[in-house]
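In what follows, a single structure is set out as structure tokens and then discussed.
The values are calculated or read from the model by the stated rules, or taken from the named source; none is laboratory data. Being a predicted model, the structure only gives us computed values, none of them experimental. A quick note on method: Cβ atoms are made from the backbone with ideal geometry, for glycine too, and the neighbour counts reach across all protein chains shown. Remember, those area values only see protein heavy atoms, side chains included, never the ligands or the DNA or RNA. Shrake-Rupley method; radii C 1.70, N 1.55, O 1.52, S 1.80 Å.
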Amino acid sequence: MKRIFLIGYRGTGKTTVARLLAEKIDWKWCDADARLEQRHGKTIRQIFAEEGESSFRDKEAALFEELSQLENHVIATGGGIVLRPENRELLRRGKVIWLTADAETIWNRLQQDATTVERRPNLTQGGLPEIEELLHTRAPLYATCADRTVDVSNRSPEDIAEELAGAFVV
Ligand code: S3P
């Protein structure tokens, strides 16, 4: 087992947990969204606004083909990585952990995150209804990809990383 993927909706703490888990198991970590923004020199919000979602998904899939080959890495994926079948196939290259919470919890967390407005484009109508709608369609996809599911409600990233480090002794 050479890599761990964190999947799940926006605001579930994938990036923070990736960093903390990597520290605990002495691996490297990376955040797929941050890499994508660096590579293209634009925020995801700009890519959505200028080129549309399907262009963003093409870029995301091309980058993920590379990231899924990294060794000894914990990789925080974008919330929509499970949408394309080829990405779901690539996720099989590692252990997949689904960080999840109910829609209201996610909505509260996103509102507290200062980077939300600047970095996160609306995907449909925005707000709590968007989260409810997308969670409904994505939950089965996250579930089919996941080797392990962690409910992040009322838990700190540190606590979650500790649990996962114990589960995936490498
Ligand atoms: C998206 C989630 C975002 C980012 C893009 C699309 C989604 O990633 O990839 O805005 O479709 O849920 P995070 O989950 O890291 O915020």
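Residues in segment 36-59: is at least one surrounded by fewer than 18 Cβ atoms within 10 Å (Cβ to Cβ), under 16 Å from the mean Cα position of the chain (by Cα), more than 11 Å from the ligand (Cβ to nearest atom) and in contact (Cβ under 8 Å) with a residue 12 or more places away in the chain? Checked segment 36-59: no residue is surrounded by fewer than 18 Cβ atoms within 10 Å (Cβ to Cβ), under 16 Å from the mean Cα position of the chain (by Cα), more than 11 Å from the ligand (Cβ to nearest atom) and in contact (Cβ under 8 Å) with a residue 12 or more places away in the chain. Scanning for something farther than 24 Å from T149 by Cβ and of a type in the set (S, T, N, Q), does segment 86-102 turn up at least one residue? No; the residues of segment 86-102 include none that is farther than 24 Å from T149 by Cβ and of a type in the set (S, T, N, Q). Filtering segment 123-141 to residues that are surrounded by 12 or more Cβ atoms within 10 Å (Cβ to Cβ) and under 18 Å from the mean Cα position of the chain (by Cα) leaves L123, E130, I131, E132, E133, L134, L135, R138, A139, L141. Looking only at residues of segment 130-168 that are among the small types (G, A, S) and assigned to a helix (DSSP H, G or I), we find that the one that is nearest to R93 (Cα to Cα) is A143. Of the set (1) closer than 21 Å to L90 by Cα; (2) open to solvent by 20 Å² or more (accessible area, probe 1.4 Å), all apply to S68 but (2).
Scanning segment 22-35 for residues that are of a type in the set (G, A, S) and within 12 Å of the ligand (Cβ to nearest atom) yields A32, A34. Of the residues making up segment 80-126, those that are in contact with a strand residue (DSSP E or B) (Cβ under 8 Å, 6 or more places away or on another chain) and either away from the ligand (no atom under 11 Å from the Cβ) or among the small types (G, A, S) (or both) are L91, R93, G94, K95, V96, I97, W98, T100, A101.
Residues in segment 14-47 that are in contact with a Ser or Thr (Cβ under 9 Å, 6 or more places away or on another chain) and more than 21 Å from G166 (Cβ to Cβ): D31, A32, D33, A34, E37, I47.
Within segment 8-23, residues that are open to solvent by 10 Å² or more (accessible area, probe 1.4 Å) sit with their Cβ atoms under 6 Å from residues that are of a type in the set (G, A, S) and more than 10 Å from the ligand (Cβ to nearest atom), at 6+ positions apart or across chains, in these pairs: L20/A161. Looking at segment 10-44 only, could you name the residues that are small (G, A, S) and touching a strand residue (DSSP E or B) at 6+ places or on another chain (Cβ under 7 Å)? Once the filter is applied, which keeps residues that are small (G, A, S) and touching a strand residue (DSSP E or B) at 6+ places or on another chain (Cβ under 7 Å), segment 10-44 yields G13, A18, A22, A32.
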